[in-house]
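Report on one structure; see the data block that follows.
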Amino acid sequence: QPSPAPLLEPPAAPTPAATPAPTPSRRPRWMCRSRRAQERFLASAFAFAVGYTDVITLLRWKSFATIMTGNALLLGRAVLARDPKVTYQAHFYVIVICSFLFGAFAYNYVETKMPHRGGSLVGAVFAVLMISGELVCLAHPGPEPYSPYLLVFLTPMFGMLTVACPRLGAPTTMVTGHLANLGTVLAKCWFRHMNQELKDKAIMSAMVVMSILVGAGTGGWLVIRHRRHEETEGLLLPVAPCLALLLFFTDHLHKPQALVRKIRRRKHSHHAPVRKMSNGNLSSSDTTDAERSSPTLSQNSATLEMSAVRSAGDGEPGPASGAVTAGAAEGAAGAACSGSSCAMAPPTEI
């Protein structure tokens, strides 16, 4: 009989690998800001588009696409005062106001059916309507009998904005309310009754007012410096897609869009970092790399399987097979650790 092999002490349990520190976010800085900062950015962008559009429509049609108070005043002059200086007749202003009302109704209807998706869906339809009206202006420039009625292609979009933008914390189609807010905040500040809510409201109101002024100045500068007052065709083409995109991001801010989630998942799957598990074992990607880097690992695994089959056939493992099994297990463990660079306690001496 062969001499009995010396008994081996059980190898020490491997020490668990330290959990790697989370990698810092690589997203752009503007995406890592708070929700309040994102709402301010969106409100300022909407206000800029409102100021820009009002200047163009005032120079082109002597009326407004976003301020229904001005159109109501002109309607009163046309109906009651019979003022000959009014550019259009009363029914023109009635049609414009009704189209504005239709935009607000369409948004609320879709928003009730599909919460937090009304701006994305209705905004895309109204953007196509705006582009169609501007293309008609480009195809037939100059004073035409039907050209004033092309304003009806613009007002539904801003009727929807008047209802949708208060979700950001403030309306973006008017200045009067924001000036009242700033006056209230100044009075509170004078008596030292300020709080964080009033500060946020003051910052939002100031940004909206400044954005409307900058948008109006930009529209007037484009008309005066580069074109004549009569030639404003085509200047509203970039407004429609920008407003549709801003409405999409506004809905995404309140309820993430499925398209954005799919893009983020795909990007995360392509750039997923290789990690170790908390118990010291390797993930699937680490195991594959270890097997490729150490070819002896697969050979030792095959030796373990053969010795297990032999021991099962003999009934009980003999001393020699036990020594082979223990040596193979020790070699496989060493190869796995060398291939994956994991921390393991040194093997005990026999």
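The values are calculated or read from the model by the stated rules, or taken from the named source; none is laboratory data. From a predicted model like this one, the values you see are computed outputs, not experimental measurements. So basically every Cβ, Gly included, is an ideal-geometry build from the backbone, and we count neighbours across all protein chains shown. Accessible surface areas use protein heavy atoms only, side chains included; no ligands, DNA or RNA. Shrake-Rupley method; radii C 1.70, N 1.55, O 1.52, S 1.80 Å.
Among the residues making up the stretch 75-101, those that are polar (S, T, N, Q) and open to solvent by 40 Å² or more (accessible area, probe 1.4 Å) are Thr87, Gln89. For the residues Ala72, Ala104, the requirement of being surrounded by fewer than 19 Cβ atoms within 10 Å (Cβ to Cβ), in a helix (DSSP H, G or I) and in contact with a Gly (Cβ under 6 Å, 6 or more places away or on another chain) singles out Ala104.
Note on the stretch 182-221: among residues that are among the hydrophobic types (A, V, I, L, M, F, W, C) and loosely packed, with under 13 Cβ neighbours inside 10 Å, the one that is nearest to Met68 (Cα to Cα) is Trp221.
Residues are listed down the side, and each one gets a yes or a no for (1) within 29 Å of the chain's Cα centre (by Cα); (2) under 25 Å from Ser147 (Cβ atoms); (3) among the aliphatic types (A, V, I, L, M); (4) modelled with pLDDT of 95 or more:
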site: Ala78; (1), (2), (3), (4): no, yes, yes, no
site: Pro84; (1), (2), (3), (4): no, yes, no, no
site: Tyr88; (1), (2), (3), (4): no, yes, no, no
site: Phe92; (1), (2), (3), (4): no, yes, no, no
site: Phe100; (1), (2), (3), (4): yes, yes, no, yes
site: Phe105; (1), (2), (3), (4): yes, no, no, yes
site: Glu111; (1), (2), (3), (4): yes, no, no, no
site: Leu121; (1), (2), (3), (4): yes, no, yes, no
site: Val128; (1), (2), (3), (4): yes, yes, yes, yes
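For the stretch 51-67, the criterion of a residue being modelled with pLDDT under 75, open to solvent by 80 Å² or more (accessible area, probe 1.4 Å) and not β-branched (Val, Ile, Thr) is satisfied by no position. Checked against (1) in contact with a Leu (Cβ under 7 Å, 6 or more places away or on another chain); (2) part of a helix (DSSP H, G or I), Thr173 meets all criteria but (2). Answer yes or no as to whether Pro22 is under 31 Å from the mean Cα position of the chain (by Cα), modelled with pLDDT under 90 and either open to solvent by less than 30 Å² (accessible area, probe 1.4 Å) or not acidic (Asp, Glu) (or both). Taking the combined requirement at face value, the residue satisfies it.
On inspection, Thr87 does not qualify as more than 27 Å from Val209 (Cα to Cα), without any contact (Cβ under 8 Å) to a residue 24 or more places away in the chain and hydroxyl-bearing (Ser, Thr, Tyr).
Counting residues in the stretch 171-181 that are over 14 Å from Ala45 (Cα atoms), among the hydroxyl-bearing types (Ser, Thr, Tyr) and exposed (fewer than 12 other Cβ atoms within 10 Å of the Cβ) gives one or more. Checked against the criterion of being charged (D, E, K, R), open to solvent by less than 20 Å² (accessible area, probe 1.4 Å) and either in contact with a His (Cβ under 6 Å, 6 or more places away or on another chain) or in contact (Cβ under 8 Å) with a residue 12 or more places away in the chain (or both), the stretch 133-154 contains one or more residues that satisfy it.
Gly142 meets the conditions (1) under 20 Å from Phe126 (Cα atoms); (2) at pLDDT below 85 in every case but one. The failed one is (1).
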